[in-house]
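Student: Take this structure first; my questions come after.
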Amino acid sequence: MTLLEQRLNSGAGDPAATRVQASALREQLQTASVVGDVAGLDARLQTLLGKTDEKIVASAAARQQARSEAIAAKEALVAEAEQIATSATSWKTSGDRLRTIVDEWKLIKGIDRKTDEALWKRFAAARDAFGKRRGQHFAQLDEQRGVAKSTKEQLVAQAEALSDSTDWKETAAALRGLMDQWKAAPRGNRNVEDALWARFRAAQDAFFARRSATFSERDAEQSVNLTKKLELVAEAEAIDVSDVKQAQSTLRDIQSRFEEVGHIPRDSMRRTDDRMRAAEKRVADAADAEWRRGSVESNPFLSALRERLAEAEAKLERAEKSGDATRIAKAQEEVASRRALLPTD
């Protein structure tokens, strides 16, 4: 009896087993050949049986609570796995977490077999779904990387084909277009991508380095040409136009040398040409003025008009000497009329 009380009070044993043993002991007490306080022992057994009933109820409640908590814990793991299966994209981290969930699962006890198997079936399905989705992702990624590799190999081939071109403007535009296509293309495997980019960039650098060297050489040549043309412009501007024929001859020589000089910087073309045109116009204007003077002097009609004007001016002079106002007025009118017929210089 004392042993049963100690076992029940310590919580070390199963209260149901203790009750069975206490009931058997009470039955044996009715026929036991013993001396002592049998009635007191029977009362202790009755009290013990009452306590075992209380312990049995409490133990059942504790087991139910533990079972509920264990089910809740595994349901939480299942829900997490299902969430990973449907939406996770951190493939390595998520895969590691699913393996950790298996380890945590094994530590959770106290669930009936049917419930545990149902929960495990859900977890296994979620894990399989994640594995399938991850496999599809990497298969698609491999396909995309294959497309990216093929696309960028073509871009590299085009860039390398253009790297030796001397059509500077069109090729530069074409290479910029290839760069835009490169940026728009999907990314491939990093090692492959880096190797292709190195080739693509090398082709571009080779072309632009040659273009830069050519432009530098051309700029230097055009700078020399500009100096030569400015010197010729200064010669043209300094031509003495008093002798028109000599001026025209000198100008033709300057123009010939001017045209033989090569290209000059674009930003200096307009200004240089304007100065040359002005010098040419100066000589042309002098030649035109001389022609007009010669043309007037050799014109017989104009000579006749000048003679008549001279006669009218002589009449006016005689009228003025006579003092006759009428004759003066008439003579003045005739002079004005004759003068109006002549071209002004």
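Student: List every residue pair whose Cβ atoms sit under 8 Å apart, with the two residues 6 or more apart in sequence or on different chains, where the first one lies in the stretch 177-189 and is assigned to a helix (DSSP H, G or I) and the second, anywhere, is among the basic types (Lys, Arg) and surrounded by 12 or more Cβ atoms within 10 Å (Cβ to Cβ).
Tutor: Here the result reads Trp182/Lys152, each pair linking the stretch 177-189 to a residue that is among the basic types (Lys, Arg) and surrounded by 12 or more Cβ atoms within 10 Å (Cβ to Cβ).
Student: For the condition in a helix (DSSP H, G or I), surrounded by 11 or more Cβ atoms within 10 Å (Cβ to Cβ), touching a Leu at 6+ places or on another chain (Cβ under 8 Å) and not hydrophobic (A, V, I, L, M, F, W, C), what is the one hit in Arg306, Arg318, Arg327?
Tutor: Of Arg306, Arg318, Arg327, the one residue that is in a helix (DSSP H, G or I), surrounded by 11 or more Cβ atoms within 10 Å (Cβ to Cβ), touching a Leu at 6+ places or on another chain (Cβ under 8 Å) and not hydrophobic (A, V, I, L, M, F, W, C) is Arg306.
Student: Working only within the stretch 317-345, note down all residues that are under 30 Å from Arg292 (Cα atoms), hydrophobic (A, V, I, L, M, F, W, C) and free of Cβ contacts under 8 Å to residues at least 40 places away in the same chain.
Tutor: Matches in the stretch 317-345: Val335, Ala336, Ala340, Leu341.
Student: Count, please, the residues in the stretch 147-160 that happen to be open to solvent by 40 Å² or more (accessible area, probe 1.4 Å) and out of contact with any Pro (no Cβ under 7 Å at 6 or more places or on another chain).
Tutor: So the answer is 8.
Student: Could you grab the pairs with beta carbons closer than 8 Å, sequence gap of 6+ or different chains, first residue in the stretch 67-85 and closer than 14 Å to Thr100 by Cα, second one of a type in the set (Ser, Thr, Tyr)?
Tutor: From the stretch 67-85, the pairs are Ile84/Ser94.
Student: Take the residues of the stretch 44-61 that are of a type in the set (Gly, Ala, Ser) and open to solvent by 50 Å² or more (accessible area, probe 1.4 Å): which is nearest to Ala22 (Cα to Cα)?
Tutor: That would be Ala58.
Student: While we're here: Scan the stretch 148-164 and tell me whether some residue there is small (Gly, Ala, Ser) and in contact with a helix residue (DSSP H, G or I) (Cβ under 6 Å, 6 or more places away or on another chain).
Tutor: yes
Student: Among the residues of the stretch 161-195, write down those that are under 19 Å from Ala213 (Cβ atoms) and either surrounded by 13 or more Cβ atoms within 10 Å (Cβ to Cβ) or within 18 Å of the chain's Cα centre (by Cα) (or both).
Tutor: Leu162, Ser163, Ser165, Trp168, Thr171, Ala172, Leu175
Student: Identify the residue in the stretch 233-265 that is in a helix (DSSP H, G or I) and either among the aromatic types (Phe, Trp, Tyr) or in contact (Cβ under 8 Å) with a residue 40 or more places away in the chain (or both) and, among all such residues, is nearest to Trp168 (Cα to Cα).
Tutor: Phe258
Student: Sticking with this one: Kindly provide the set of residues from the stretch 15-53 that are among the polar types (S, T, N, Q) and without any contact (Cβ under 8 Å) to a residue 40 or more places away in the chain, ordered by number.
Tutor: Matches in the stretch 15-53: Thr18, Gln21, Ser23, Gln28, Gln30, Thr31, Ser33, Gln46, Thr47.
Student: Regarding the stretch 24-36, can at least one residue be identified that is farther than 30 Å from His137 by Cβ, of a type in the set (Asp, Glu) and in a helix (DSSP H, G or I)?
Tutor: yes
Student: Considering Glu69, Glu80, which residue is under 60 Å from the mean Cα position of the chain (by Cα), of a type outside the set (Phe, Trp, Tyr), assigned to a helix (DSSP H, G or I) and over 30 Å from Gly135 (Cβ atoms)?
Tutor: Glu69
Student: While we're here: Counting just the residues of the stretch 124-140 that are more than 13 Å from Trp91 (Cα to Cα) and modelled with pLDDT under 90, which one comes out least open to solvent (accessible area, probe 1.4 Å)?
Tutor: Here the residue is Ala139.
The values are calculated or read from the model by the stated rules, or taken from the named source; none is laboratory data. From a predicted model like this one, the values you see are computed outputs, not experimental measurements. Glycine also receives a Cβ, built like all others from the backbone with ideal geometry; neighbour counts cover every protein chain displayed. What goes into the accessible areas is simple: the full protein's heavy atoms, side chains included, and nothing from ligands, DNA or RNA. Shrake-Rupley method; radii C 1.70, N 1.55, O 1.52, S 1.80 Å.
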